Amino acid sequence: MDLYIIRHGESQGNVGHDVENPELTELGQKQAELLALRLRNIKFDAILSSPLKRAIQTATPLSELRNTPITVMENLYEVGTYGEETLSDVQKRAKNVVSEIRGKYGEKENVIAFAHGTFNNHFIKAACGITSGEDFNFCQENTGVTIVRFIIDNGQPRIKLELANDARHLEFN
């Protein structure tokens, strides 16, 4: 299984507007469209999204391009969206999200998940089996792509970080 973990495009919140559940900016929408073009030929079996507008809006161009529905996964929300969470709470939620995805989708299925910068740090760590605290951070730019590959190597299950925070699709004028 390949798990694509993607941060949403630039949102109103990223540019300093204090808005609850912000939408994408015009630039964020362009980033989402460029991401969809980049991923258009990737084999995947599901598009998952946080319930927050900016993640759904980032997933929409790919969903429309590939005629694949978006499945909202409630636990992909950003850290602190629904009140304070302890580090332990976030780590547990991220681990549960990985378990739910791996349990629902088969070992040969590929999944694309759209979520948020702070949560994705913990999501990536959980997918990779990293249990460290805040001393290690996976940075994610807007629409940055991270791929975690779950493989069988010589009969042994392995986890491979294939790509981290790749935003080559944004190299435009």
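It is to be established whether one or more residues within the stretch 52-67 are among the β-branched types (Val, Ile, Thr) and either farther than 15 Å from Ala115 by Cβ or outside any helix (DSSP H, G or I) (or both).
no
Out of everything in the stretch 130-158 that is in contact with a strand residue (DSSP E or B) (Cβ under 6 Å, 6 or more places away or on another chain) and without any contact (Cβ under 8 Å) to a residue 40 or more places away in the chain, what residue ends up being nearest to Leu3 (Cα to Cα)?
Looking at residues that are in contact with a strand residue (DSSP E or B) (Cβ under 6 Å, 6 or more places away or on another chain) and without any contact (Cβ under 8 Å) to a residue 40 or more places away in the chain, I get Ile151.
Being over 11 Å from Arg54 (Cβ atoms) and surrounded by 16 or more Cβ atoms within 10 Å (Cβ to Cβ) is the filter here; which residues of the stretch 1-30 pass it?
Matches in the stretch 1-30: Met1, Asp2, Leu3, Tyr4, Ile5, Ile6, Lys30.
On the given criteria, is Thr131 among the polar types (S, T, N, Q) and at pLDDT 95 or above?
The answer is no for Thr131.
Out of the residues in the stretch 13-26 meeting the condition of being assigned to a helix (DSSP H, G or I) and free of Cβ contacts under 8 Å to residues at least 40 places away in the same chain, tell me which one is nearest to Glu109 (Cα to Cα).
The qualifying residue nearest to Glu109 (Cα to Cα) is Glu26.
For the stretch 36-49, state whether one or more residues are in contact (Cβ under 8 Å) with a residue 60 or more places away in the chain, touching a His at 6+ places or on another chain (Cβ under 8 Å), of a type in the set (Ser, Thr, Tyr) and crowded, with 18+ Cβ neighbours inside 10 Å.
Checked against the condition, which is being in contact (Cβ under 8 Å) with a residue 60 or more places away in the chain, touching a His at 6+ places or on another chain (Cβ under 8 Å), of a type in the set (Ser, Thr, Tyr) and crowded, with 18+ Cβ neighbours inside 10 Å, the stretch 36-49 yields no hits at all.
When the stretch 130-167 is examined, which residues are found to be loosely packed, with under 10 Cβ neighbours inside 10 Å and among the basic types (Lys, Arg)?
Correct list: empty.
Would you confirm whether or not the stretch 31-39 contains a residue that is part of a loop (DSSP other than H, G, I, E, B) and over 13 Å from the mean Cα position of the chain (by Cα)?
Among the residues of the stretch 31-39, not one is part of a loop (DSSP other than H, G, I, E, B) and over 13 Å from the mean Cα position of the chain (by Cα), which makes the answer no.
Listed here are the residues, each with its yes/no results for (1) without any contact (Cβ under 8 Å) to a residue 60 or more places away in the chain; (2) β-branched (Val, Ile, Thr).
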| site | (1), (2) |
| --- | --- |
| Lys53 | yes, no |
| Leu62 | yes, no |
| Ile70 | yes, yes |
| Asn75 | yes, no |
| Gly80 | yes, no |
| Glu85 | yes, no |
| Val90 | yes, yes |
| Ala94 | yes, no |
| Gly106 | no, no |
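Of the residues that sit in the stretch 74-97 and are part of a helix (DSSP H, G or I) and acidic (Asp, Glu), which one is nearest to Asp45 (Cα to Cα)?
Ranking the qualifying residues of the stretch 74-97, first place goes to Glu74.
The values are calculated or read from the model by the stated rules, or taken from the named source; none is laboratory data. Note that the coordinates shown come from a computational prediction; the quantities given were computed from them, not determined experimentally. So basically every Cβ, Gly included, is an ideal-geometry build from the backbone, and we count neighbours across all protein chains shown.
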